[in-house]
Each structure stands twice: as C-alpha cells, then as structure tokens.
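For reference, the structure is listed below as structure tokens.
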Amino acid sequence: MTVMKMKLYYAETMNPRKACAVAKYLNAPVEFVRVELLKGEHKRPEYLAKNPNGRVPTLEVSDDLSIWEADAIMAYLARFAGSDLLPEGDRQVEVMRWLSWGAQHFTRHTGQHYFEYVIKPWAGGAFGPANPAAAEEASKQWRPNAAVLDEHLSSRSYLVGDRLTIADFSVAVTLPYAKKAKIPLDEFPNIARWHDRLNELPAWREPFPAPVPDALAA
Ligand SMILES: N[C@@H](CCC(=O)N[C@@H](CS)C(=O)NCC(=O)O)C(=O)O
C-alpha cells in the first residue's frame, strides 16, 4: 500500500457539501479534487475505479481504499480525527438513526426541490425544466416528517445529545438552498433556528475550497 495524502473528490453540489463541510470543520488533511460534473469527469474509467457509482463525493484514502457515500466519508473523517462528531456508544446509534431517517424521510423530499430548482437550471436543459408539481408533491410528503424533526428540536440545539455531530451535517444538507429551492422551511421554526445555528459555523456556510458557480450557490 502506498501512503499518500487523502483526496476528497467533490463538486459544489449537495452531497459533497457534507463531506467538504466536515473536512473543513475538522481541518482534515485532505487534498480537495474538483470533479467537473458537466464534463462527465465522474463517469471516466479512472474515477469509476474509485467510485463505481460515478457520483461525488469520494474519499480516496489509499491505493486500495476509496470510500463513497457522503455520510460514510463524514464518519471516516470524524474517526480519523478522533472527533466527537461521531460519538461512541448509544449516541453513535442515535447518529445512525438520524442518518437513515434523513436519507429516507427528509432529504428524499427536500432533495426533490433541490433537483427541480437548483440542479435543473444549472444543468442547462439536460434534465428539462423545473417541475413545480413535483416539488409541491415532495413538500406534501415532507411536511409530516419535518414536523417530527421540528418537535425534536423544540428542546434541543442539535440532533444528538445536544452536541454537534455528523447527523446535523447530514440532515441539514438541503437547508442552505431552502430559499432557492422553495423548501417551505418557514413553516418549521425550530428547524429554521437549528439551521441558523449551523450557519454560525464557517465550515457550514462555506464548505467548498473554491468559489461556487452562481447556479449552484446556496
Ligand atoms: N448517496 C450518495 C449520492 C451522491 C450523489 O448523488 N451525488 C451527486 C451530486 S450531489 C452526483 O454525483 N451526481 C452525478 C450523477 O449521478 O451522475 C452520497 O450520499 O454520496
């Protein structure tokens, strides 16, 4: 195995945002490598060898270890740093619960808004025009789930044990885009307050190492 500096392959989109924010928050020893999605760099054989899904982010740890899935990359970076962003014991189980819930019940729907109002305009017609009906349907599915999170946050500052963890970085990932993506965040004041608190972190506000193209800006 060749020892090398870890490389974090990213684009300025929502899933890499999690990995970049945690890398920046932890001041992790990674080299950021920008992947140009509109040029299809993520579908080239050399990239597919690191991540057969052809998606970003990917963390290349060594010649024979590449980690894909943003949540797993955050967990790896937290463990690497010995950080409480990934706590031990029961709190780790709680983190896993929120990661799973976020993917299945929260970001699944807010991600539809992000796709309609951020990704489609950015992709310049490759996915067609924004579909407001699809976003409205996503909001409908999202509201009962958002109500669960809003209630959870009514007596807490963060999702788990009242300390910042990777669960916060994960579940909140679409919220920087709430206005642009027309996510009805105003209906859930505790979620909005929680996100305001995350916005106090420079690593959350500006997770990417280079300027973000206007179309992808939060
Ligand atoms: N579940 C994956 C999703 C990764 C993902 O879909 N990334 C998007 C950018 S946000 C991507 O690479 N899209 C390009 C494609 O699917 O071709 C993760 O959490 O890392």
Query - Exceeding the 29 Å Cα-Cα cut-off - candidates Lys5/Lys39; Lys18/Lys182; Lys43/Lys179; Lys18/Lys50; Lys5/Lys180 - result: Lys43/Lys179; Lys5/Lys180
Query - the stretch 90-147, Cα convex hull volume normalised per residue, Å³ - result: 81 Å³
Query raised in the report: Contour minus end-to-end for Lys7 and Glu36, with contour as 0.36 nm per residue of separation and end-to-end as the Cα-Cα distance?
Result: 8.9 nm
**Report entry** Prolate/oblate/rounded label for the chain (Cα gyration tensor, a/c 1.5)
**Finding:** oblate
Report summary line: Once both label points are put 7 Å beyond Cα along the C-beta direction, the Asp196-Asp84 separation in nm becomes 2.5 nm
**Report entry** Qualifying aspartates and glutamates (Cα of each under 14 Å from Cα of Lys140; at least 8 residues distant if same chain)
**Finding:** Glu187
Report summary line: For the stretch 17-113, the Cα convex hull volume per residue in Å³ comes to 118 Å³
Query raised in the report: Over the stretch 101-218, what per residue volume does the convex hull of the Cα atoms give, in whole Å³?
Result: 102 Å³
Query raised in the report: Once you mark the trypsin sites (Lys or Arg not before Pro) that are in a DSSP loop and have at most 13 other Cβ atoms within 10 Å, what is the longest gap between them in the chain?
Result: 6-155
Query - Inter-label distance, nm, simple model (7 Å from Cα along the C-beta direction), Asn131/Lys179 - result: 2.8 nm
Report summary line: Calculated from DSSP helices alone, with each H run of at least 4 adding -39500 (n - 2.57) and the total divided by the residues of the chain, [θ]222 nm to the nearest 500 comes to -12500 deg cm²/dmol
Query raised in the report: Can you list the GluC sites (Glu not before Pro) in the stretch 1-47 that are in a DSSP coil and have 15 or fewer other beta carbons within 10 angstrom?
Result: Glu36
Report task. Would you be so kind as to identify which of Ala130, Val22, Phe169 lies farthest towards the positive end of the dipole of the chain, taking Lys and Arg as +1 and Asp and Glu as -1 on Cβ and the Cα centre as origin? Result -> Ala130
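Throughout, read-outs are computed from the coordinates displayed, never taken from laboratory work. Small disclaimer: the values here were computed from a predicted structure and weren't measured. Here the Cβ is made from the backbone with ideal geometry for all residues, glycine too, and neighbour counts use every protein chain on show.
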